[in-house]
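Undergrad: Please find one structure pasted underneath; my questions will follow.
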Amino acid sequence: MARCGFVAIVGRPNVGKSTLLNQLLGQKISITSHKPQTTRHRILGIKTDGETQCVYVDTPGLHLGGKSAINRYMNRTAGGALLDVDAVVFVVEALRWTEEDESVARRLDTVDAPVILAVNKVDTVTDKERLLPFLQEVSSHGSFAEVIPISASSGSNVEVLELVAEKLLPDGVHLFSDDQITDRSERFIAAELVREKLMRTLRQELPYSVAVEIENFSTENEIVHIDAIIWVERKGHKGIIIGKGGAMLKEIGKQARLDMQRTFGQQVFLRLWVKVKAGWSDDERTLKSLGYSDDS
């Protein structure tokens, strides 16, 4: 009997939701970095294994504070992913329970779907004797179908999580072709890969308010040509990204291009520009023009 259903992956920012999705799929779909709120959009990761098709929904981190339009958009996107799913994976960090985790837990109290609590980053716990008391303590914060310790980065116990999630899926025909792995276009993925390299390369120097817009995505003579604009809110931010003599922008472009070639399986010619658009992250109209819309 064929099975198919949706599993939302939720949690506060920076607990490893996107790393988990990539591990489940066996390839990179969602970008990752150590900077909180790296994921800004809802991304479907589709895994088909024989008769079972599990559609994982990666979401932005549900967070407190953040009054700008882009913060509101991310919270709406994450909250919206909880509607009409068959199961939820609530990701938290081992030995760390925060006010934002509690806020997510209270939100999940209103969700009809069963919730699996995935305690991530257990590989970073040096004193393993502290882990069991923590698992017992966090299990009291909600009504969880299972509590599973995992390491999304190494893949430890992720297969167990996957099997538990699959058992919660309903019978039904597959909604996507068996070879499809995401609902997002190559154009979207290209923009996300540039943004990932920005966040990873510049880390603390990079302002949160940076966006990437693809102006051209075309193929000529089996080479993918991509033109992308990096939008920042201040002139000073532009200088940080470009770097001395353009060295920083060149390095970011090199890393993004190599990752695109691995992802697309083709040679890529990438050109980047950095432009200033003041206040873009708190302007609803500008956000929609950059792809941050509730129906995207």
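The values are calculated or read from the model by the stated rules, or taken from the named source; none is laboratory data. Because the structure is predicted, anything quoted here is derived from the model rather than measured. No Cβ is skipped: glycine too gets one built from the backbone with ideal geometry, and neighbour counts run over all protein chains shown. For accessibility, only protein heavy atoms count, side chains too; no ligands or nucleic acids. Shrake-Rupley method; radii C 1.70, N 1.55, O 1.52, S 1.80 Å.
Undergrad: Considering only region 246-267, I want to know if a residue exists there that is open to solvent by 60 Å² or more (accessible area, probe 1.4 Å), assigned to a strand (DSSP E or B) and not charged (D, E, K, R).
TA: Scanning region 246-267 turns up at least one residue that is open to solvent by 60 Å² or more (accessible area, probe 1.4 Å), assigned to a strand (DSSP E or B) and not charged (D, E, K, R).
Undergrad: Wholly within region 78-167, which strands (runs of 3 or more DSSP E) include no fewer than the required count, namely at least 2 residues that are under 18 Å from the mean Cα position of the chain (by Cα)? Please lay out each step first, then the result.
TA: Numbers: elements: 87-93, 115-120, 146-149.
Hits in region 78-167: 87-93, 115-120.
Undergrad: Applying the selection to region 30-50, what residues are modelled with pLDDT under 90 and open to solvent by 20 Å² or more (accessible area, probe 1.4 Å)? First the steps, then the outcome.
TA: Taking region 30-50 first, the residues modelled with pLDDT under 90 are 30-44.
Listed by number, the residues that qualify are Thr32, Ser33, His34, Lys35, Pro36, Gln37, Arg42.
Undergrad: Being under 28 Å from Gly26 (Cα atoms), open to solvent by 30 Å² or more (accessible area, probe 1.4 Å), outside any helix (DSSP H, G or I) and among the hydrophobic types (A, V, I, L, M, F, W, C), is that true of even one residue in region 225-235?
TA: Residues of region 225-235 under 28 Å from Gly26 (Cα atoms): 225-226, 228.
So of that shortlist, the ones also open to solvent by 30 Å² or more (accessible area, probe 1.4 Å) come out as 225.
Those left that are additionally outside any helix (DSSP H, G or I): 225.
From what's left, among the hydrophobic types (A, V, I, L, M, F, W, C): none.
No, that holds for no residue.
Undergrad: Oh, and also: Regarding Arg107, is this residue in contact (Cβ under 8 Å) with a residue 12 or more places away in the chain, open to solvent by 30 Å² or more (accessible area, probe 1.4 Å), out of contact with any His (no Cβ under 9 Å at 6 or more places or on another chain) and within 30 Å of Gly246 (Cα to Cα)?
TA: No, not satisfied.
Undergrad: Could I ask something else about it? Could you list, in sequence order, all residues of region 268-296 that are open to solvent by 70 Å² or more (accessible area, probe 1.4 Å), part of a loop (DSSP other than H, G, I, E, B) and in contact (Cβ under 8 Å) with a residue 40 or more places away in the chain?
TA: Of the residues in region 268-296, the ones open to solvent by 70 Å² or more (accessible area, probe 1.4 Å) are 269, 271, 273, 275, 278, 282, 284-285, 288-289, 294-295.
From what's left, part of a loop (DSSP other than H, G, I, E, B): 278, 294-295.
Result: Ala278, Asp294.
Undergrad: Continuing with the same structure: Answer yes or no: is there a residue in region 55-70 that is charged (D, E, K, R), surrounded by fewer than 24 Cβ atoms within 10 Å (Cβ to Cβ) and modelled with pLDDT of 95 or more.
TA: No, that holds for no residue.
Undergrad: Look at region 143-174 and say how many of its residues are open to solvent by 20 Å² or more (accessible area, probe 1.4 Å), out of contact with any Lys or Arg (no Cβ under 8 Å at 6 or more places or on another chain) and not charged (D, E, K, R).
TA: Within region 143-174, residues that are open to solvent by 20 Å² or more (accessible area, probe 1.4 Å), out of contact with any Lys or Arg (no Cβ under 8 Å at 6 or more places or on another chain) and not charged (D, E, K, R) number 15.
Undergrad: Answer yes or no as to whether Ile240 is assigned to a helix (DSSP H, G or I), in contact with a helix residue (DSSP H, G or I) (Cβ under 7 Å, 6 or more places away or on another chain) and over 26 Å from Thr19 (Cα atoms).
TA: yes
Undergrad: Then there is this: Have a look at Asp112, Asp123 and point out the one that is free of Cβ contacts under 8 Å to residues at least 40 places away in the same chain and either in contact with a Ser or Thr (Cβ under 8 Å, 6 or more places away or on another chain) or surrounded by 15 or more Cβ atoms within 10 Å (Cβ to Cβ) (or both).
TA: It is Asp123.
Undergrad: If I filter region 16-29 down to residues being among the hydrophobic types (A, V, I, L, M, F, W, C) and open to solvent by 10 Å² or more (accessible area, probe 1.4 Å), which single residue comes out as modelled with the lowest pLDDT?
TA: Ile29
Undergrad: Which count do you get for residues in region 183-194 that are buried (at least 21 other Cβ atoms within 10 Å of the Cβ) and over 17 Å from Val224 (Cα atoms)?
TA: 0
Undergrad: While we're on this one: Just name the residue that is farthest from Val88 (Cα to Cα) out of those in region 195-207 that are open to solvent by less than 60 Å² (accessible area, probe 1.4 Å) and among the basic types (Lys, Arg).
TA: Residues of region 195-207 open to solvent by less than 60 Å² (accessible area, probe 1.4 Å): 195-199, 201-202, 206-207.
Among the residues that remain, those that are also among the basic types (Lys, Arg) are: 195, 197.
On the way: Arg195: 27, Lys197: 29 Å.
Among residues in region 195-207 that are open to solvent by less than 60 Å² (accessible area, probe 1.4 Å) and among the basic types (Lys, Arg), the one farthest from Val88 (Cα to Cα) is Lys197.
Undergrad: OK, next. Taking only pairs six or more apart or across chains, which ones have beta-carbon atoms under 9 Å, a first residue in region 204-222 that is modelled with pLDDT under 70, and a second residue that is basic (Lys, Arg) and open to solvent by 100 Å² or more (accessible area, probe 1.4 Å)?
TA: Pro207/Arg234
Undergrad: Continuing with this model, one more query. Any chance region 165-174 includes a residue that's touching a residue at least 24 places away in the same chain (Cβ under 8 Å) and closer than 27 Å to His34 by Cα?
TA: Within region 165-174, one or more residues are touching a residue at least 24 places away in the same chain (Cβ under 8 Å) and closer than 27 Å to His34 by Cα.
Undergrad: Hey, Glu220 hits all of (1) surrounded by 14 or more Cβ atoms within 10 Å (Cβ to Cβ); (2) more than 30 Å from Ala118 (Cβ to Cβ) but one; which does it fall short on?
TA: (1)
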